[in-house]
Every structure is written in C-alpha cells, then in structure tokens.
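Following: one structure in structure tokens, then a few remarks.
The values are calculated or read from the model by the stated rules, or taken from the named source; none is laboratory data. This one's a predicted model, so the numbers in the text were calculated from it and none came from an experiment. In this analysis, Cβ positions are derived from the backbone assuming ideal geometry, glycine residues included, and neighbour counts consider all displayed protein chains.
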Amino acid sequence: MKTLHLTGLAAAALMAAGAAQAQQTFISIGTGGVTGVYYPAGGAICRVVSRDRGEHGIRCGVESTGGSIFNINAIRSGELEFGVAQSDWQYHAFNGTSRFEDDGPFEDLRAVFSLHPEPFTVVARADAGIASFDDLAGKRVNVGNPGSGQRGTMEVVMAAMGWDMNTFSVASELQAGEQAQALCDNNVDAIVYTVGHPSGAIQEATTACDTVLVNVDNDVIRALVEERDYYRMATIPGGMYRGTDEDVTTFGVGATFVTSAAVPEEVVFHVTRAVFENIDFFRSLHPALGALDTAEMVSDGLSAPIHDGAARFFSEAGLTD
C-alpha cells in the first residue's frame, strides 16, 4: 500500500482549504416566475454577494417559485433562507392575518430591505371590450396561481369589490410565466400581475398580440389604499408597452427582501452589505432596480422587524440612527 506523505507546507495548505470549505455557507433565495422581476432581482442579489465570496464564504442560489406567499411559507419551514415578497404579504404573515390566519403570526419573520415598487397590473386583449377594471366581470380572467402574491392581492380586491370566482365566465389559475401566451392564444380575456416594471411577462403579452393596460382606479380601490399603509396609488408610464400610449393609474405594493430570525446575524449582515456597498452595480442589473433609493430601501414597506444583521449594517453605514 502506498502512503501519501505531505510536506508541512502542503499539509497546512490542505488543512486551510478544508477549513475554508467547512466555513462556507449556502443560502437560497425564493423568487417567482422566471419572466417576472423577482427572479432577476434574486439573481442580482446573488451576483453582488458572490463578488465577495472569498471574504465571507457565502454561496448563493436562486430558486424560481410560486411567489410571495410560497416564499414566506418556505422561510417559515426552513426550506429557504431568504425570499422576495410583496409588502402586503409580509405584513399579513407577521401579523397572522388574511391568508396566514390559520397558521397564526410568523413572529420570526424578519425584514431585510425593500426593493422596487410593484403596481397591480391588468392587461386585456384589445378586442375584449375591457376599458376599466369593473369591465372584468363576466370575462375570462387569469387570477393567478395559488401561493402567488398576485393571486392573494387579486382575492383582496375581489372581496372589496364584492366579487367571487363566479363573477368571471372563466377564472384560470395559470402561473405568471404561462399567462401571456394564454392571453395571446385567446384562452383568456385579461391577466392580472403584481409586478415591477418594465416586466418581461408584460412585454411578452403586449408585443405578441394586440393588448391594452387597464386602469385600476375606482372608489373601492381608493378606499383600500386609504385603509392600508402597505398599498399606494401607482402609475405605469404611457409608452412603456406597445398598445398603451397614456399613463395607466392603478395601485400597488412594494417588493421586499425577507428572512427568518433563525438565519445567523453574520450571514444577513454580509448579504445586506453586499447589496448596499455595490448599489450602483446592483441598480444596473435590471431596469426595475434602476431607481432604488437607499433611504427608502431601509424603511418602505417593512412591517416585520428588521433582522439584527441588516440593522447592524444600516447602523454602521449611517443609514439609520
């Protein structure tokens, strides 16, 4: 039998390599459909984290998921370390309300920072006779897949309007990545999507067939915004998508980056630092991230407590008192 003999220097190098491997931390970020903004936003976070991997040893992976509610539930169960979620679902999860009432408050949910604004967006076939949100009644509408933020928000709006699934001639449950083709194949008359803009999915729907973006603005919507701090009125600029030259008025939420109190402080600190210390590069990685303001990122739409790791970075960076 041959025995491998290492010099003292080689042995030390091997031990150091083994220690470095042992110190590596693997994190997964739950996002959404690949044609939405959550997936590239998660990828952008991983990209800046990877820049300093030699320093902190964090390896980062992105998972395409069902969206906000799925991500929060997966963080709660320990299947994911981080996730992107709408600001309204962050609120409901932490407080145990709405879709999270049965499971009770997720008291260990922690906010890290906020991302881009997300207008509630309705795209209709140009030949469907849909000029306003009220016109969706009696039409074939994709309400979104269960577990997605878009579905959850649509259900809130439907309840406020006094609607249920029978309000529509068809209420389909397609995932975000499937709905543009369904619209252009004339399988549905309209789709709803809570998403940052510009969006690949909306771009697909508006270029592949004749469509229009629909105003979501009536007394019911205005009352929802007035009652709930995590909602705000929003504008989708005219000319951003083919078929819609005028500004579209709607309401919206914000995309937020969340985790659990169980994720170590040091990990969250380094992830947060990577984003904020590379903020110009981070903004360049997707058009929806281009207008991010660091002052808003540390506060807007964050209804769960800030994770200790993020709070530590914000304090050291002078972003909070």
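Odds and ends about this structure:
- Of the criteria (1) outside the structural domain of residue 38 (by TED's automatic domain parsing); (2) closer than 30 Å to residue 299 by Cβ, which one residue 105 fails: (1)
- Applying the criterion of being farther than 17 Å from residue 305 by Cα and in contact (Cβ under 8 Å) with a residue 60 or more places away in the chain to the residues of segment 249-260, the residue that is farthest from the chain's Cα centre (by Cα) is 250.
- Segment 215-241: number of residues that are hydrophobic (A, V, I, L, M, F, W, C), touching a strand residue (DSSP E or B) at 6+ places or on another chain (Cβ under 7 Å) and assigned to a loop (DSSP other than H, G, I, E, B): 1
- Yes/no for residue 53 being out of contact with any Pro (no Cβ under 7 Å at 6 or more places or on another chain), at pLDDT 95 or above and of a type in the set (Lys, Arg): no
- Criterion (more than 30 Å from residue 25 (Cβ to Cβ), in contact with a Gly (Cβ under 8 Å, 6 or more places away or on another chain) and either aliphatic (A, V, I, L, M) or modelled with pLDDT of 95 or more (or both)) met by exactly one of 225, 248, 258: 248
- Checked against the criteria, residue 83 counts as modelled with pLDDT of 95 or more and under 12 Å from the mean Cα position of the chain (by Cα).
- Flag for residue 226 being closer than 25 Å to residue 87 by Cα, acidic (Asp, Glu) and not assigned by TED's automatic domain parsing to the domain that holds residue 35: yes
- Taken over segment 290-319, residues that are assigned to a helix (DSSP H, G or I) and of a type outside the set (Asp, Glu) amount to 10.
- Residue within segment 185-194 that is touching a strand residue (DSSP E or B) at 6+ places or on another chain (Cβ under 6 Å), in the same structural domain as residue 141 (by TED's automatic domain parsing) and hydroxyl-bearing (Ser, Thr, Tyr) present: yes
- Among the criteria (1) of a type outside the set (S, T, N, Q); (2) modelled with pLDDT of 95 or more; (3) under 18 Å from residue 199 (Cβ atoms), the one residue 151 does not fulfil is (2).
- Test: residue in segment 40-61 that is in contact with a Gly (Cβ under 7 Å, 6 or more places away or on another chain), part of a loop (DSSP other than H, G, I, E, B) and touching a residue at least 24 places away in the same chain (Cβ under 8 Å): no
- When segment 261-289 is limited to residues that are under 16 Å from the mean Cα position of the chain (by Cα) and not in a helix (DSSP H, G or I), the one that is farthest from residue 229 (Cα to Cα) turns out to be 285.
- On the stretch given as segment 309-321, residues that are under 18 Å from residue 263 (Cα atoms) and either surrounded by fewer than 16 Cβ atoms within 10 Å (Cβ to Cβ) or without any contact (Cβ under 8 Å) to a residue 12 or more places away in the chain (or both) total 1.
- Residue 62, sole failed condition from (1) of a type outside the set (Phe, Trp, Tyr); (2) closer than 29 Å to residue 203 by Cα; (3) more than 14 Å from the chain's Cα centre (by Cα): (3)
- Scan of segment 110-138 for residues that are charged (D, E, K, R), in a strand (DSSP E or B) and farther than 30 Å from residue 309 by Cα, ordered by number: 125
- Long-range neighbours under 8 Å by Cβ, at least six apart or interchain, first residue assigned by TED's automatic domain parsing to the domain that holds residue 42 and without any contact (Cβ under 8 Å) to a residue 40 or more places away in the chain within segment 273-296, second part of a helix (DSSP H, G or I) and hydroxyl-bearing (Ser, Thr, Tyr): 279/294
- Qualifying residue in segment 72-79 (condition: buried (at least 23 other Cβ atoms within 10 Å of the Cβ) and assigned by TED's automatic domain parsing to the domain that holds residue 259): yes
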